[in-house]
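Single-structure report; data block below.
The values are calculated or read from the model by the stated rules, or taken from the named source; none is laboratory data. These numbers come from a predicted model, not from an experiment. Positions of Cβ are generated from backbone atoms using ideal geometry, with glycine treated the same way; all protein chains shown enter the neighbour counts.
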Amino acid sequence: MTGAGVAVELDAVSVVLDGSTLLTPTSAAVPAGGTLVVRGPNGSGKSTLLRVVAGVRAPTTGTATVDGRAPDPRRRAFRQLVAGTVESPVPARDLTLAEHVALVATTWGTPVRAARTFATELLGRLGVAELAARFPHELSSGQTQLAAIAVVLARPSALLLLDEPEQRLDADRVATVAELLAERRAAGTTLLVATHSDALEAALGGPVLRLVPAVPGAPDDVPDNDVADDDGPDDDVPDASADGRSDA
């Protein structure tokens, strides 16, 4: 389930809601078929940034584009381009996990027989083949996370937006998810992945955007979050790069 990648551009994007800064000004550029890993402590705006790119949160300042146009989930062409876990999929209680995956695949053009085979193979890759006949309410939190990833990977997309896909997964499952994402990238899909996982960052490679939370009372002319050129600190310790910018 692949698609030719699209470029993503963020130019001084910030988000303020009810007087609270959810995302300080952030700039980044991801080429078609490229990867951007987004790091930062809780509250730094990782999920907010992905929501802006997904078109479900409007930026307060700056501009965001996907394939040269502003994100707009009301456009069918945009919905065809973008898939992800920015918003959790709503499961149908009467469908098993395998049926969910196969249904999504058929919705996006895969023949029914091939979709069923694909669902079986994908769940096997994720190590949850034994859960294929379970219903959503019978899954644990970690299994639900894997189910969400399987549903996202069941459809073609030019851009994958994943918000902490490592949540509630053990190291082996994280490695498997990284492998599947690398395969999608090799087929041309652009990846934007927000994560707290050093292992996932290392496996995906590519530039890292390190976000710094807003500081109450800070001046308005703080430097933008920008993509770091080298390895930065862990998510709990904001730092500054040599040019005085936050190590984004």
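Points to keep in mind about this one:
- Within segment 195-216, being hydroxyl-bearing (S, T, Y) and under 25 Å from S20 (Cα atoms) holds for one residue alone: T195.
- Consider segment 47-74 and keep the residues that are of a type in the set (G, A, S) and touching a residue at least 60 places away in the same chain (Cβ under 8 Å). The one that is nearest to L204 (Cα to Cα) is S47.
- Test: T26 is over 16 Å from the mean Cα position of the chain (by Cα) and either of a type in the set (V, I, T) or under 21 Å from T195 (Cα atoms) (or both): yes
- Considering only residues in segment 18-46 that are among the small types (G, A, S) and crowded, with 21+ Cβ neighbours inside 10 Å, the one that is nearest to E201 (Cα to Cα) turns out to be G40.
- Residue within segment 12-28 that is at pLDDT 95 or above and under 29 Å from G109 (Cβ atoms) present: no
- Those residues of segment 167-186 which are closer than 25 Å to V66 by Cα and in contact with a Ser or Thr (Cβ under 8 Å, 6 or more places away or on another chain), in sequence order: R184, R185
- Of all residues in segment 134-170, those that are polar (S, T, N, Q) and touching a strand residue (DSSP E or B) at 6+ places or on another chain (Cβ under 8 Å) total 1.
- Hey, R155 part of a helix (DSSP H, G or I), farther than 24 Å from G45 by Cβ and among the charged types (D, E, K, R) or not: no
- Restricting attention to segment 179-206 and to residues that are surrounded by fewer than 18 Cβ atoms within 10 Å (Cβ to Cβ) and in contact (Cβ under 8 Å) with a residue 60 or more places away in the chain, the residue that is nearest to F118 (Cα to Cα) turns out to be A187.
- Annotation for segment 169-178: at least one member residue is modelled with pLDDT of 95 or more, surrounded by 17 or more Cβ atoms within 10 Å (Cβ to Cβ), out of contact with any Phe, Trp or Tyr (no Cβ under 8 Å at 6 or more places or on another chain) and small (G, A, S).
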